[in-house]
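A.B. asks: Just dropping this structure here.
The values are calculated or read from the model by the stated rules, or taken from the named source; none is laboratory data. Quantities reported herein were computed from a predicted structural model and do not represent experimental measurements. Cβ coordinates were reconstructed from backbone atoms using ideal geometry, including for glycine residues, and neighbour counts include every protein chain displayed.
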Amino acid sequence: MQEILLVEPRVDLVSYAPTEARPVWTLVTSGMSARDMNVPPGLNAPRRVELVMSFAPREMERIRNLAQDATGLALVNTLRWLARFPYRADTFFDRGHSVPMPEEFDLGDLSRYMGVLLAEPMTWAREATTVGGVQFLADYP
């Protein structure tokens, strides 16, 4: 899903269909890692991150029908908002960080995000969570 707004950093979303090993749909940001985050000097934390969000097929169908489904649009907007958060707040993301969600991210009948916890994606092999200096972090409500 290519982003057409001129907002920095541009954040596209790449979707991956379920597999036997990973029976959920997965959305991965693309573009968040184009800029380094503001990691304090001396701290061993990733400077470049992309975010991962997994969905059951029912939720992914909503995302595919953004024009007709406000909840699907809210899921996509939530992921893009999170991807821009470290740049707007002049901070960084790492494993174990939590981010409170603003009130406007009401996901309707799916649930209400109060915040997210960032961690390594549970369905990925540990060695696959860092590629080319980019750390992949999943957000869990």
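A.B. asks: Is it fair to say V49 is closer than 17 Å to Y140 by Cα, modelled with pLDDT of 90 or more and of a type in the set (V, I, T)? Spell out how you get there, then give the answer.
C.D. replies: Values: closer than 17 Å to Y140 by Cα: yes; modelled with pLDDT of 90 or more: yes; of a type in the set (V, I, T): yes.
When the stated conditions are applied, V49 passes them.
So that you can scan it fast, the table gives a plain yes or no per residue for (1) within 17 Å of the chain's Cα centre (by Cα); (2) modelled with pLDDT under 85:
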position: M53; (1), (2): yes, no
position: N65; (1), (2): no, yes
position: L73; (1), (2): yes, yes
position: L82; (1), (2): yes, no
position: R88; (1), (2): yes, no
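A.B. asks: Scan the stretch 90-118 residue by residue and report those that are surrounded by fewer than 16 Cβ atoms within 10 Å (Cβ to Cβ), modelled with pLDDT of 85 or more and hydrophobic (A, V, I, L, M, F, W, C).
C.D. replies: L117, the sole residue that qualifies.
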